[in-house]
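See below for the structure under consideration.
The values are calculated or read from the model by the stated rules, or taken from the named source; none is laboratory data. All figures in this text were calculated on a predicted structure; none of them were measured in a lab. Counting neighbours? That spans all protein chains shown, and the Cβs are built from the backbone with ideal geometry, glycine included.
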Amino acid sequence: MLKFLLALMILALPLTASAQSQAVTIDGDHGKLDAVLQTPDGLSKYPLVIICHGFTGQKEHPLLNALADDLQAAGIASIRFDFNGHGASDGDFQAMTVPNEIVDAKCVYDYASRLPNVTDIAVAGHSQGGVVTSMLAGELGAKKIRCIVLMAPAAVLRDDALRGNIFGEHYDAINPPEFVAIEHHGTKRLGREYILTAQTLPIYETAEKFTNPALMIHGTADIVVPYTYSLSYKKIYRRGELELIDGADHSFVGDEQRVAKIATEFFVRQLKK
């Protein structure tokens, strides 16, 4: 009985500077967002990076885990989360859109900005999460977000929606169906609202409002999102950098550690001055 009570007391202890990881829940656009807050050891103050996963992905993607661990080792906290309709978060995938993912990201930003130990906030995103990151930064501005990293940012999603094509599934782009069934990490239903909002999404127009440093990382063998989309991002950013990974695919399979290291070194330069 005594051991049980001691265990309860330990679980009730607040998060301290020595804590490494903590599961948290955040109110998002379509219900609760499941998230993991990872903090550096032994620091009472630190910058934080919000990490956004891609289309049909989740927060436990190997690339995102590698990035969170590298950031932690470098003295930078992170919070990675599942967007609505993904992973362990609430919501129906069919109701997911890029605009409501941006709202989710804003909710995570609001949560992170209230953490007493956090000094500055940056954002990183992979694939569709890169688009969300770029538009979030454009909307919130340089005073709130210090810098961003876009990993294979999927700005192609607007062109795909206009062409009526998603992962090889074709549909009428002028009059989209209620949903499109896609075979990608399991059968999912992509909703009509996603398609309609994607067709008019002001990706670059919103992103270019961000004036702080931005780094794009892209694989030259990415056939899902050609690296030319990162070239377009670099053109619009006044303080943009581009790192091409020769032979890397869209998910950076086998190159996760290298990409995480490049991103972390950029965040250290910008956040640990």
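Pick from ALA173, ALA142: which is touching a Lys or Arg at 6+ places or on another chain (Cβ under 7 Å), assigned to a loop (DSSP other than H, G, I, E, B) and modelled with pLDDT of 95 or more? Among ALA173, ALA142, only ALA173 is touching a Lys or Arg at 6+ places or on another chain (Cβ under 7 Å), assigned to a loop (DSSP other than H, G, I, E, B) and modelled with pLDDT of 95 or more.
Condition check ((1) in contact with a Pro (Cβ under 6 Å, 6 or more places away or on another chain); (2) over 26 Å from ASP249 (Cα atoms); (3) modelled with pLDDT of 95 or more) across all residues:
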| site | (1), (2), (3) |
| --- | --- |
| GLN38 | no, yes, yes |
| SER44 | no, yes, no |
| GLY54 | no, no, yes |
| LYS59 | no, no, yes |
| ASP69 | no, no, yes |
| SER78 | no, no, yes |
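Checking each residue in the range 63-96 for being of a type outside the set (A, V, I, L, M), within 17 Å of ASP110 (Cβ to Cβ) and more than 12 Å from the chain's Cα centre (by Cα) picks out ASN84, SER89.
What's the total number of residues in the range 75-92 that are closer than 12 Å to ALA112 by Cβ and not polar (S, T, N, Q)?
First pass over the range 75-92, keeping only residues closer than 12 Å to ALA112 by Cβ: 77-81.
Subsequent filtering for residues that are not polar (S, T, N, Q) retains 77, 79-81.
Qualifying residue count for the region: 4.
Number of residues in the range 209-237 that are touching a residue at least 40 places away in the same chain (Cβ under 8 Å) and surrounded by fewer than 18 Cβ atoms within 10 Å (Cβ to Cβ): the value is 5. Scanning the range 161-179 turns up no residue that is buried (at least 19 other Cβ atoms within 10 Å of the Cβ), under 23 Å from THR56 (Cβ atoms), within 19 Å of the chain's Cα centre (by Cα) and of a type in the set (A, V, I, L, M, F, W, C).
If you filter the range 44-64 down to residues that are surrounded by fewer than 21 Cβ atoms within 10 Å (Cβ to Cβ) and free of Cβ contacts under 8 Å to residues at least 60 places away in the same chain, you find that the one that is nearest to GLY130 (Cα to Cα) is GLN58.
Among the candidates ILE223, ILE195, the residue that is over 19 Å from the mean Cα position of the chain (by Cα), in a loop (DSSP other than H, G, I, E, B) and of a type in the set (Val, Ile, Thr) is uniquely ILE223.
Among the residues of the range 238-273, what is the count of those that are touching a helix residue (DSSP H, G or I) at 6+ places or on another chain (Cβ under 8 Å) and either among the charged types (D, E, K, R) or surrounded by 17 or more Cβ atoms within 10 Å (Cβ to Cβ) (or both)? Going through the range 238-273 one residue at a time, the tally reaches 15. The one condition from (1) among the aliphatic types (A, V, I, L, M); (2) within 18 Å of ILE145 (Cβ to Cβ); (3) crowded, with 19+ Cβ neighbours inside 10 Å that LEU115 does not meet is (3).
In contact (Cβ under 8 Å) with a residue 40 or more places away in the chain, of a type in the set (Gly, Ala, Ser), over 22 Å from THR39 (Cβ atoms) and not in a helix (DSSP H, G or I): which single residue out of GLY91, GLY75, GLY87 fits that description? Walk me through how you get there before you give the answer.
On the way: GLY75 fails: over 22 Å from THR39 (Cβ atoms); GLY87 fails: over 22 Å from THR39 (Cβ atoms).
The match here is GLY91.
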